[in-house]
1. Got the relative contact order for segment 1-86 handy, in percent, Cα pairs under 8 Å and 6 or more residues apart?
2. At 0.36 nm per residue, minus the direct Cα-Cα distance, what do Asn1 and Asn127 gain on full extension? Give it in nm, one decimal, please.
3. Over segment 49-99, with the other protein chains present, what is the accessible area per residue in square angstrom, probe 1.4 angstrom?
4. May I ask for the distance between the Cα centers of segment 45-65 and segment 91-130, given as a whole number of Å?
5. Please give the direction-averaged projected area of the C-alpha convex hull for the chain, in square nanometres with one decimal.
6. Can you pull the percent of the chain's accessible area that's carbon plus sulfur, 1.4 Å probe, other chains left in place?
Amino acid sequence: NPVTLDTQIDGSSGVTNNNGLLTFTTAGSWQIIFELAWTSTVGANPVISQWLVKNGSNLANTGQDFQLLGGANTVQMSACTFLVSVVTNDTLQVYWSSSDTRVSLTYQGALSTPTRPASPSAILFVNRIG
């Protein structure tokens, strides 16, 4: 499953976003950090895999597996950091899978007592470092 990102990125940054498919307009080394919020409708402790896809192919050594713990409808965060070299027009996308179809990314709306802001299901940081 590709991770959908609906936030638009300023094209002058060297990266454009098309629903989660990032296209690099500037070659170089880029730090990619993604944080994903997970939930499941059951407490079966499913395993989730997440990785990067570059130019339509799985990117070697980016696979991360973890187990969602805590019972039904709890939210657990996962975070990964990678250094990726790209040339102009390379694409990159975050993917995930689970053998349990009851697993999903989850948006958390604003809450009260105390008041706190909403939290997106996926956060992606893309920083050019060289």
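The values are calculated or read from the model by the stated rules, or taken from the named source; none is laboratory data. In this text, all values refer to a predicted model and were calculated from it rather than measured experimentally. Protein only, heavy atoms only, side chains kept; ligands, DNA and RNA dropped before computing areas. Shrake-Rupley method; radii C 1.70, N 1.55, O 1.52, S 1.80 Å.
1. Averaging sequence separation for qualifying contacts and normalising by length gives 32 percent for segment 1-86.
2. Stretched fully, the Asn1-Asn127 segment lengthens by 43.0 nm.
3. Dividing the accessible area of segment 49-99 by its residue count gives 55 Å².
4. 16 Å
5. 8.6 nm²
6. Here it works out to 50 percent.
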